[in-house]
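The values are calculated or read from the model by the stated rules, or taken from the named source; none is laboratory data. Here the structure is a predicted model, which is why all the values come from computation and not from measurement. Please note: Cβ atoms are built from the backbone with ideal geometry, for glycine as well, and neighbour counts cover all protein chains shown. With ligands, DNA and RNA removed, areas are computed over all heavy atoms of the protein, side chains included. Shrake-Rupley method; radii C 1.70, N 1.55, O 1.52, S 1.80 Å.
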Amino acid sequence: MRGLHGLAWRGLRARPLRTALTTVGVALGVAVLYAGLATNAGIGAAVDRAVGTMVGRADLRIAAFGESGLSDETRAAVAAVPGVDVAAPSFERRTYLGTGLIGPGPLPAPVTLVGIDPELEPRIHDLALASGSPIGPGDDPVALVSSTLASEDGLSVGARLGLQGVDAPVYLRIAGILAGDGPWAGATGRAVVTRLPVAQSVFGADGLTRVDLDLADGADQGAVIEAIQATILTEPYVVSSPRDLAAAMEASTGDFAATTALIAAIALFAGAFLIFNTLSMTVVERVRELGLLRAAGATRGQLSAYILVQASVIGVVGAAVGIVAGGTLAAGIAAWMGSVGSVPIAGPVVRLGDAVAAMAIGLGVTLAAAVEPARRAGRVPPVEALKARLDLPSARHARLRWLVGVFAAVGVLGLAIWPRAAGEAALQRSIAIYAVLLAVTLLVPFVLPVLARIAGTPFMLLVRLEERLARASVLRDRPRAALTVGALTVGLAMVVALGGVGQHARAAAGAWIADVVPGDVIVTSIFPRGLDEGLVETLGALPGVGSVTPIATFDLAVDGRRVDGAAMIGADLAADGRLHLVEGDRAEALAALDKGGAVIVPSGVAARDGLVLGSRLTVVAADGSAMSMRVVGVAGRTLPGRSGESLLVGWADADRLGIDGADAFAVRFVEGASAIDRAALADEARTLALDPVPLDRIQGAIGEALNRVFGLFDVLSLIAVIVATLGIVNTLTMNVFERVREIGVLRAAGMTRRQVWRSVVVEAGITGLVGAICGVAAGFLVGGLMVALSGGRWDLAVAVPWLAVGVAFVLGVALAMLAAAYPARLASGISIVRAVGYE
């Protein structure tokens, strides 16, 4: 029976449209998967490049935990630790170029000023020059500038460079231009490198930002870290390896990678429905042929192989096309996103391993979807198959078992390529969401009759006869219809869920502005501004200004852990009415904040760490001493930090913690302040090297960033919906083939071709509407689960994604009815005479 393979090929060629649609479905699922793999590989490569640029040849980095920095004594002590070969110190802050005060108008782009030891730094980082000479020994006020800065500002070797200092400008001569931007320039590429004492003098500082360590050959990194911990006893610091820095950067991309992987799994799951329906149709269509082959001596295994060969061809071709399409999609993702978290995406990375993995998973899902149809093909009874179409009641139960099996197969295959940036929590969240979608799909057969009647109501008002015929056709083979609806459900559910999560994220991200910031405008500084500079008084004296509140954000070492901290004036919050407490007396808590020794924690941190009113936190001050702070309130939300919401302290404690000054000032205008008053504030702020940012602009920037992320996720989810729509084409086509005689009789009884056409289109509309109803319901459930598992609270009363719901209904019905075009034309073209004689 080797010729059965040839029959399998001919079977695929006999139904070219069906074969092509199924192959496209597999290709789309694999494209999303491979695009995610290539994008995540690109993110990983970007992280590796960034870390390599940042640390150079350093094996460890000691970073100051506070604005006062590390002392020279600490650097000398670290350099003397056994196993340390090089201890290169550096100082880094941002400032502006110029020769005097900044005038009105937009602020110029800032530069990063870096102070280095010109003898030690080249042993850590390569300082290749495009022109000029390096910083040599001596005390000459010279500097190196990055190539981007030189290009943008027209700087050349020998030119005079002015830097805005705390008290007066500092002037340097450009000795050389770096071949690149160096490890300090960040996203802007604008950096100035000079001697360490010169850079410190610009800001009147004497501390070090960090010390990079190159260890001696054979030195044990763990032993060196222990020795450092035993050496530095009076200053807070963080010691990290390149691997630690990479892990921190990757953490900011974890949710993106996990969500992309989840959508890819859903697209493949939808593709599995399509493959299953296609191969099931092949079994039903060729029952007689399969029965004859069994009677001629073909074994069950050979008939099962017949179906599996067809699945393999579809899987291999679809996966190959999907990899090509996925590469293009990955390039589009990189161009659209630009960066994920703190990591810029230069572009996708094409790796053979990812292509092989995507191909293997695409083929694996295809074969998993083909197992049940292949098993049924092998069990076709030779005699019974010659009498009637195979549609045994036991097959319905087998389909449900198959559904669970494919779910498990896709899950196991997905675990094999789970992105490294996504943590265990993201994995658990994705599994929970995936399981909910499976449960909803398994419930579809039980609610299908009721939902079909509901979905048919709007069509009944327009075409009553066609609606009854269409609904009867939908319910004729309930398992098949349920599988088709299920595929549509999972895709639309993700559209609704992501729409709701995006809306919730926008509301949550903007809520802290309204709930915490006591002002109408935020004026920010690129370096801390001391309260003794008189900025609060200067800004507060302007016409129309009611209050000015300094705000500082910084790192805190609490009980040996890094957390985000923020300093604010409690009296200003009390007068303004901001900051809602869920625990504690608001007036007493804010008064305690100004007295010192008190802290207000956000509710998320309180729940995570088990903090209640009266709890004690041990905080390390700048001099290394321990401060005991009492929790005086739990706030619904506080200022956002680098990794979460901040703990709020008063300025008295901020001084003890070594905070140099404020990073921002919240300005509140009096009622009736004019546009002229607001413009005067903006001009004065820029003169003081402060950047005024209206709160609505902050909210707009947050919304734009979130729109970009969730817009991408919506497009990827739409691909899953399209795959499900392809399944509707196959299902309706099969329904038409099974009803040839019925359609012929109806035509003979007077039914017109247009009525036949409408009945098929209405059938698609009912299927799509049922899928939309199930998808929206599942989307609310999945969206709430995503928010809850991320530590938030899903409030449907506020965050109903009406746009996403509308899109789901339009997509579900419109795409389904569009997919009915070919089956409807096929049905309306059936000849009455041939249909009546059809077997």
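Shown are MET337, MET460, whose ranking by accessible area with a 1.4 Å probe and every protein chain present, most to least, is MET460, MET337. Surface composition of the chain: carbon plus sulfur atoms hold 60% of the accessible area, using a 1.4 angstrom probe and ignoring ligands, DNA and RNA.
The simple spin-label model puts a point 7 Å past each Cα toward its Cβ; for GLU537 and ALA247 those points are separated by 4.9 nm.
In this structure, the amide hydrogen of GLU583, modeled 1.01 Å from its nitrogen in the peptide plane, lies closer than 5 angstrom to those of VAL634, counting only residues at least 5 positions away or on a different chain.
Extent along the principal axes, Cα only, for region 457-544: 82, 27, 18 Å, with the longest axis given first.
Relative contact order (percent) for the chain, with alpha-carbon contacts under 8 angstrom and 6 or more residues of separation?
Answer for the chain is 17 percent.
Projecting each Cα onto the charge dipole of the chain (Lys/Arg +1, Asp/Glu -1 at the beta carbon, about the Cα centre), which of VAL760, ALA673, ALA331 comes out farthest on the positive side? Result: VAL760, furthest along the dipole toward the positive end.
Each residue, ALA675 and VAL316, gets one label point 7 Å from its Cα in the Cβ direction; the gap between the two is 7.0 nm. Separation of region 625-647 and region 461-484, taken as the distance between their Cα centroids, equals 58 angstrom.
The long axis of helix 221-231 is offset from the longest Cα principal axis of the chain by roughly 40 degrees. Rolling a 1.4 Å probe across all protein chains gives ARG637 an accessible area of roughly 70 Å².
Which peptide among 56-62, 723-729, 752-758 comes first, and what is the full order, when sorted by highest mean count of other Cβ atoms within 10 Å? It would help to have the intermediate numbers written out before the result.
Details: 56-62: 20.7, 723-729: 28.7, 752-758: 16.9.
Top to bottom by mean Cβ count within 10 Å: 723-729, 56-62, 752-758.
If only the Cβ of Lys and Arg carry +1 and only the Cβ of Asp and Glu carry -1, the dipole of the chain around its Cα centre is close to 7320 debye.
Its residue count N fixes a reference of 2.2 N^0.38 Å for the chain, and the Cα radius of gyration divided by that reference is 1.18. Think of each Lys and Arg Cβ as +1 and each Asp and Glu Cβ as -1; about the Cα centre, that makes the dipole of region 517-586 roughly 140 debye. Can you give the angle from 0 to 90° between the axis of helix 586-595 and the longest principal axis of the chain, with both taken from C-alpha atoms, to the nearest 10? Helix 586-595 sits roughly 40 degrees off the main axis of the chain. Annotation for LEU352 and ALA130: the two label points, set 7 Å from Cα along the Cα-Cβ direction, are 3.7 nm apart. Rolling a 1.4 angstrom probe over the protein heavy atoms with all chains in place gives the chain an accessible area of 41 Å² per residue.
For the chain, the mean residue ellipticity at 222 nm estimated from helices alone is -19500 deg cm²/dmol, where every DSSP H run of n ≥ 4 contributes -39500 (n - 2.57) and the total is divided by all residues, rounded to the nearest 500. Helix 352-378 and the long axis of the chain differ in direction by around 30°, with both axes built from C-alpha atoms. Averaging the Cα positions of each part gives two centres, and for region 659-682 and region 570-601 these lie 22 Å apart.
Overall shape: oblate for region 137-268, with the ratio a/c of the largest to smallest alpha carbon gyration tensor axis at 1.5 or above and b/c at least equal to a/b.
Translational diffusion of region 420-578, estimated by Stokes-Einstein from the Kirkwood radius over alpha carbon pairs at 20 °C in a medium of 1.002 mPa s, is 97 µm² per second.
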